[in-house]
Each structure stands twice: as structure tokens, then as C-alpha cells.
1. If L34 meets every condition in (1) over 30 Å from E384 (Cβ atoms); (2) in contact with an Asp or Glu (Cβ under 7 Å, 6 or more places away or on another chain); (3) surrounded by 22 or more Cβ atoms within 10 Å (Cβ to Cβ) apart from one, which number is that one?
2. Output the residue which, of all residues in the stretch 70-110 that are crowded, with 20+ Cβ neighbours inside 10 Å and aromatic (F, W, Y), is modelled with the highest pLDDT.
3. How many of the residues making up the stretch 260-290 are closer than 22 Å to V72 by Cα and of a type in the set (S, T, Y)?
4. Just checking, how many residues over the stretch 53-80 are polar (S, T, N, Q) and either closer than 28 Å to L292 by Cβ or free of Cβ contacts under 8 Å to residues at least 60 places away in the same chain (or both)?
5. For the stretch 230-270, what are the residues that are farther than 13 Å from L90 by Cβ and hydroxyl-bearing (S, T, Y)?
6. What are the residues in the stretch 31-69 that are of a type in the set (K, R) and under 16 Å from G274 (Cβ atoms), if any?
7. Given (1) β-branched (V, I, T); (2) modelled with pLDDT under 85; (3) in contact with a Ser or Thr (Cβ under 7 Å, 6 or more places away or on another chain), identify the lone condition not met by V245.
8. Of the residues in the stretch 60-113, how many are part of a loop (DSSP other than H, G, I, E, B) and in contact with an Asp or Glu (Cβ under 8 Å, 6 or more places away or on another chain)?
Amino acid sequence: MKTIFSLAIRSAWNRRLTLGLTLIAVTLSVTMLLGVERLRVEARESFAQSVSGTDLIVGARTSPVQLMLYSVFRIGEATNNIRWASYQALANHPAVAWSIPLSLGDSHHGFPVLATSTAYFEHFRYGDSQSLIFVSGKPFAEVFHAVVGAEVAERLNYRLGDPIVLSHGMSGTGLAEHADKPFTVVGVLARTGTPVDRTVHISLEAMEAIHLDWQGGAHLPGFSIPLEHVRKFDLAPKEITAALVGMKSRAAVFKMQRYVSNYEAEPLLGVLPGVALDQLWQVMGIAERTLLAVSAMVVVVGLSGLVAVILASLGERRRELAILRSVGARPRDIFMLLLTESLFITVLGVGGGVALLTVLSIALAPLAQARFGVTLHPLWVSVEELKLLAAVVGVGIVAGLLPGYRAYRLSLADGLSPRL
């Protein structure tokens, strides 16, 4: 076996240019396969870490996935708001330890604006129960104070004291601006790798203030409330979009969920973040499997190229294989020689794919964290990835069977007889 392996290596080295190109194709296909799998896992992990320590998310009755998407990930829009009185009844429930009101609807240069209370900076957790940290500044204390996430500050080059103007609405072009009521940046949050980085935070009172002279989603024509007169009005919120709730006891979560579902004043929905995420991944499962299937097909195409190269080289190697037969090599030895070559190239391609993915993960990790909130772990191979690599090696062995069988059937006379 050792002799066959050394012969396979020497034979491959003699055809290093052709096999080298095939090796590159296998390496790239393995990199793509592992890359899709790793991004899938890391994206799930990053989504799961976007909110931590929250027992219940409460909003207007809709689908649990939709409530999770717009309240935590700022994706989509709320079908309806919930009344402030309903939120206060929920927040004052004896089983509730803390609650964070959330109000969405405006934006700033494409970034969502979140109106909330100072409880947000005290109780919101992400990742492994990590709290929000200020790189500079402090939470908002006045009506027209704003706290920006790390990505907002970086991309728009904001510093403490900079004025900003919010836009009415969250999507589309040509949005009307609240130009008569500018805000001042008073705080910049540390990077979290979550939607917090892409959010402008203001107080609930500020959200009411900028809409005092608005009605039906449009500014009232010929009517404007000057900035200095805003504080004379009642700025208590009338409605909010959703609320994050933390319980005094985890055992009371399901009891509180039933309380929310049976709330008589208005139809509400309470969802557990983990359950909503599981439902989200069920919806996304088809797309994940499709991407993985496409990557697997790329690997199959790469290994098919390997089969084609070995088969095409058999005509040129007739004399080499015949000489091996003449010095005592048996047909099964020739079969094992071709099979070993295929396995050798496949294993090298797998190793090269893992190495290339590691290099790419190290190089792209900061960008993935900053732009997409996805944390890449370059220095480990998961159990699922090992299964994929084993499957690739298995397919590589199968790919070597056809040229091995073809060489097995060649007779000694085929290689020693000159072709006319």
C-alpha cells in the first residue's frame, strides 16, 4: 500500500499542472460549501444574540415572527400600535420586574429611529447577557437629545454635540423631514453586532414632540409649533409599537403570556423570543437548504472535473500502466493506484478549502461584524462541518472508482501495442 501511495504521488507530480488546476477547483468548491454552512450557523447565532434576558415581547396581535422582526431587528412595520394605558397596565403587573417601551416609525438617513425610555439602557441585554456601554456621552436627558449606535456614528461621522434631523417614515425616498425640530447627539454606544448599532435612540417624549403638528402622516399645512413651545404640551405617549418585558420569575412567563393574550382592553400578543426565532428559522429553512444544495452541486462539479482529468489522462498513461503490469503489478493494484490519486487530490482540496476559509474568515471577520452583525469564528471546525468534509471525501472516493475500473480493465497488451 505504501508503494502504491508513493507511486500515486509521483504520478500526480508528473501531471502537476493539470491536476493543480483541478485541485484549485476542488479547493474553491469546498471553501464555498463550508462558507455557506458557517455563515448559516453564525447568522443564526448572531440573530439569537440580538436580544438576551428578555422573557416576553408584547405588541399588537400579529404573527410572532413579524412581531419579533420589527421590534428587535427593525425589519418590516407594525400592523398596529398598542395603547399607552395597556403598556402601563402590563408594566405595573406584580410579576413584571422591568419593561422597555419601544416606538418605531421614523428614520435618519436610512437608519431606524427608536423612541424608548431610559430603562432601555438599564435593562436591555444582548449576546451573553451583555449590557449596553457608552463609548462617549450618556443617555438622553432632554426632549431633543439623541443616542446613536456605533454604525450610525461611524458611517455618518457623528460626534457629541452634532445636530441631526429625523425623517418621517422608515422606507422610501423623498421622506419629509422634521427639520424644524433638530436633535443633538449626546451619546454614542459601543459596538454590539446587533441592530442597536444601526439605530438612533430618542425619548418617547421626543417622538410625541416632533409629531405635535403632524396628522395622518403629514405635516399640517400652515401650522407649526416652534421648538421653544414644545415643552408646554403634554408629551406623554399615546401609543407605542411594542414592549420588551422581563419577569421576576421565569416560571411566571407562560402565565403572563396568557394574561397578555386574554387582555380585554385590546388584542395583544406576547411571544417568547426563542420560540419566535425557531419559527423564523423554519421559514428560512428552505432558503438555507437551497444554498447548501447549490454549494454541494459546486463540489460535485469540481470532483466531476477530477474524474474527467483522470479519465482523459488514461490514454497518455497506457504505457506507464502497462510497464507497471509488466513488473508485477496486478489489476487491482492499478485500480488502487487510480483510486489513491483521486483520494489524494480530494483530501488536498479539503485541506486547502479549510485553510482558505480560515484565512478569509480572519480577513473578513471585522467587516462581517461591523456591517452585518455576524461574528465569524475562524479557528475551529464544527461537527456539522466535519460531516460535510467527510461527505466530500466520500464523494471523492466514489469519483475515483470509474477511472480506477477503466484502468483495471486495460490489458497488458493495450499499453505495449503501438497505436496506428
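The values are calculated or read from the model by the stated rules, or taken from the named source; none is laboratory data. This structure is a prediction, so every number in the text was calculated from the model and none was measured. Reconstructed Cβ throughout: ideal geometry from the backbone, glycine too, with neighbour counts over all protein chains shown.
1. Only one criterion in (1) over 30 Å from E384 (Cβ atoms); (2) in contact with an Asp or Glu (Cβ under 7 Å, 6 or more places away or on another chain); (3) surrounded by 22 or more Cβ atoms within 10 Å (Cβ to Cβ) is unmet by L34, namely (1).
2. Y87
3. 1
4. Result for the stretch 53-80: 4.
5. T241, S249
6. Once the filter is applied, which keeps residues that are of a type in the set (K, R) and under 16 Å from G274 (Cβ atoms), the stretch 31-69 yields only R44.
7. (2)
8. Residues that pass the stated criteria total 1.
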